[in-house]
Structures are given as structure tokens and as C-alpha cells.
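Asker: For reference, the structure I am asking about is given below.
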Amino acid sequence: MTDSKVMIDLQNVSKWYNKDFQVLTDCTAQIRQGEVVVVCGPSGSGKSTLIKTVNGLEPFQEGQIWVDGVAINDPKTDLTKLRSRVGMVFQHFELFPHLSITENLTIAQVKVLGRSEEEAKKKGLAYLDRVGLSAHANKFPSQLSGGQQQRVAIARALSMDPIAMLFDEPTSALDPEMINEVLDVMVQLAKEGMTMMCVTHEMGFARQVANRVIFMDQGKIVEDCTKDEFFTTKRSDRAQQFLDKILH
């Protein structure tokens, strides 16, 4: 993995809200092509903010972020084009409620990538089948369970042929019995070599597929190590407290 190219490169990223509340402090990390990195930490530690800076959904005031060599905060960077190459799956699905599942899968392909309706539909339905929901193509989001909606959201992101996938607590809004159906899709993606940055508290997922774990606290990256080191070696006191709580 160390021989693969750096896909996401964060260097000394800092962010403030209203000039007096610092939410990210000097965050540096690299995610290589094909790597799965889990970002965890207590509530309010800056995890979601960090992952949203990667595709420009959250601006930052200091530091640099490159995605596949493209600088996020360069004024010449076309963020819409960049975001089309970096799939994002949110906590609350973010599907269009007035559109059918098929329409949800095709609209961005047509409007952003310029694909024909036929081409977009073919690709979208192929990914819908891959997440096990081809029978629901003509339904609307409200007719699906939370777990099904999240799988549609993943299929929609994959339909854009992303170079990397960002997951922002994708299971936290789901009922417990629906979590595994979403994690199963994510595990499969990881096994296929998708570059993934996942904000999650699902430590079983981290143990199964993560290459590295980034632990954050109070806007800082406190730990950045292999999963084996994170789970088996004594960590910083703050990380150990977090693990003790979440694993028991």
C-alpha cells in the first residue's frame, strides 16, 4: 500500500467558525489509493467537518488539501467537477424525495457528467442491482427503509465512477437491524479496492476492513496508525478512554 499513490492529502488543515471557535487544528493525514481509513472519536471532535473539507463542502482557513493532485482551495479548481469524482454518503441519505429511485440514480450522471438518459439509467440500475435493490427501481425514497435508502445513496455515488468514497457516519441514523446491510456493501467496496475515508463508530467494520484508524479529539488528529496498532497496542489516554467506552 505504501507504493500506491497518495489519493487524499491533508496538510496542516485548520478551520474556525466565526473566527473565535477553532473546529480543526493542524490536521495532517494521507490516504493512498485503495486504502480504507476509518476516522473515529468522540462527538464534537471534528470528524465530520474534516471529511467535508476533503471535497470542499466545508471551507478551511489554513493548510492544503489535494485530491488526486487537485488542490481543494485553489480558486481555479472546479469543485463541482471534483465532487463528481469523490463520492459522498451522508448520515441522512440526502435522496430527492420527489424523484423515483431510478431518477435519483441518474440525475447527477446526466446533469454533471453529461451522460445520456439511457446510459445513466443502465449504469444506475447496474449499481442498484449490486446493492441488492433492483426490485425497488420504480419506488420513491419514502417507500424504502432507512437501510435501503442508504444503499441507494451508495449506489448513486458509485454511479458517478468515483476515484474515492467518503462516508460520514453512514449508519448512525439507522435502526440496529439495518446497519449490517449497509456495512456489508461498504465491506465489499473495500475488498474491491475502493479508496475510502469513513467517519464511523462501527469498530467491527474498522477491525474487518480498515488499513488505518485516525482518532480525533477536540479538532486534532491524536492517533493515525494501523488498525492492529490501534486495537492491540496501548494508545494515548484519550483514545484508550474512547475505545473502552465504545467496545464495552
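Asker: Can you work out which of the residues in the range 168-191 that are part of a loop (DSSP other than H, G, I, E, B) and either out of contact with any strand residue (DSSP E or B) (no Cβ under 6 Å at 6 or more places or on another chain) or over 22 Å from residue 67 (Cα atoms) (or both) is modelled with the highest pLDDT?
Answerer: For the range 168-191, the residue satisfying everything is 171.
Asker: If you don't mind, there's one more thing I want to ask. Among the residues of the range 211-246, what is the count of those that are closer than 19 Å to residue 91 by Cβ and surrounded by 17 or more Cβ atoms within 10 Å (Cβ to Cβ)?
Answerer: Residues meeting the conditions: 2.
Asker: Considering only the range 88-115, how many residues are assigned to a helix (DSSP H, G or I) and aliphatic (A, V, I, L, M)?
Answerer: 5
Asker: Scanning the range 63-107 for residues that are aromatic (Phe, Trp, Tyr) and modelled with pLDDT under 95, which turns out surrounded by the fewest Cβ atoms within 10 Å (Cβ to Cβ)?
Answerer: In this case the residue turns out to be 90.
Asker: Looking only at the range 15-59, count how many residues are crowded, with 16+ Cβ neighbours inside 10 Å and within 16 Å of residue 221 (Cα to Cα).
Answerer: 24
Asker: Here are some residues: 125, 183. Which one is free of Cβ contacts under 8 Å to residues at least 24 places away in the same chain, in contact with a Phe, Trp or Tyr (Cβ under 7 Å, 6 or more places away or on another chain) and crowded, with 16+ Cβ neighbours inside 10 Å?
Answerer: On inspection, the qualifying residue turns out to be 183.
Asker: Write out, first by first residue and then by second, each pair whose Cβ atoms fall under 6 Å of each other, whose residues are 6+ apart or on separate chains, and whose first residue, in the range 90-108, is over 13 Å from residue 136 (Cα atoms) while the second is part of a loop (DSSP other than H, G, I, E, B) and of a type outside the set (Ser, Thr, Tyr).
Answerer: Final answer for the pair search is 91/169; 91/173; 92/173.
Asker: Based on this model, can you work out whether residue 165 counts as within 30 Å of residue 115 (Cβ to Cβ), under 12 Å from the mean Cα position of the chain (by Cα), in contact (Cβ under 8 Å) with a residue 40 or more places away in the chain and assigned to a loop (DSSP other than H, G, I, E, B)?
Answerer: no
The values are calculated or read from the model by the stated rules, or taken from the named source; none is laboratory data. These numbers were taken from a predicted model, which means no experiment stands behind them. Heads up, the Cβs are rebuilt from the backbone with ideal geometry, glycines too, and the neighbour counts pull from every protein chain shown.
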